[in-house]
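Written out below as structure tokens is the structure these notes cover.
The values are calculated or read from the model by the stated rules, or taken from the named source; none is laboratory data. Please read all numbers here as calculations on a predicted model, not as lab measurements. Just so you know, the surface numbers come from the protein's heavy atoms only, side chains and all, with ligands and any DNA or RNA stripped out. Shrake-Rupley method; radii C 1.70, N 1.55, O 1.52, S 1.80 Å.
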Amino acid sequence: KQQQSQPPPQPECQFAAPLESTRTRLATNALVSQMRREKKALGAFLHLGDPLAAEMVGLAGFEVVVLDHEQGPGDLQNAVSLVHAAASAGAHTLLRVPGNSPSYLRR
């Protein structure tokens with residue numbers, strides 16, 4: 001009888017921590033709940049493409065930062081850094097897209 005060799009044990013996969021923390025999820029649910037109750041949220045349009053500007057808007061006390069890609073500068077790669085910067089300051093982000101283009105929205 002031939003003994004079958006077993007493959008060596010695989011190391012456990014370690015995944016990066018998700019970007020969305022429990023605190024962020026709770027804050028997002030609170031913002032959605034606030035909007036459903038038709039309560040106002042303090043927000044600002046950001047026409048600058050610098051993550052530091054997005055962070056400063058959040059630190060200034062705004063609950064929402066609207067990234068204007070319809071008329072403002074920026075691309076989707078830059079939008080990711082702006083979203084992270086605003087989130088690090090405790091603000092939510094909304095992205096205003098150039099149009100209802102499926103190709104743009106799929107990126």
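Conditions (1) open to solvent by 20 Å² or more (accessible area, probe 1.4 Å); (2) within 16 Å of the chain's Cα centre (by Cα), marked per residue:
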site	(1), (2)
K39	yes, no
A54	no, yes
V64	no, yes
L67	no, yes
Q71	yes, no
A79	no, yes
H84	yes, yes
H92	yes, yes
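Of the residues making up the stretch 41-52, those that are more than 15 Å from P98 (Cα to Cα), assigned to a loop (DSSP other than H, G, I, E, B) and open to solvent by 50 Å² or more (accessible area, probe 1.4 Å) are L42, L48, D50.
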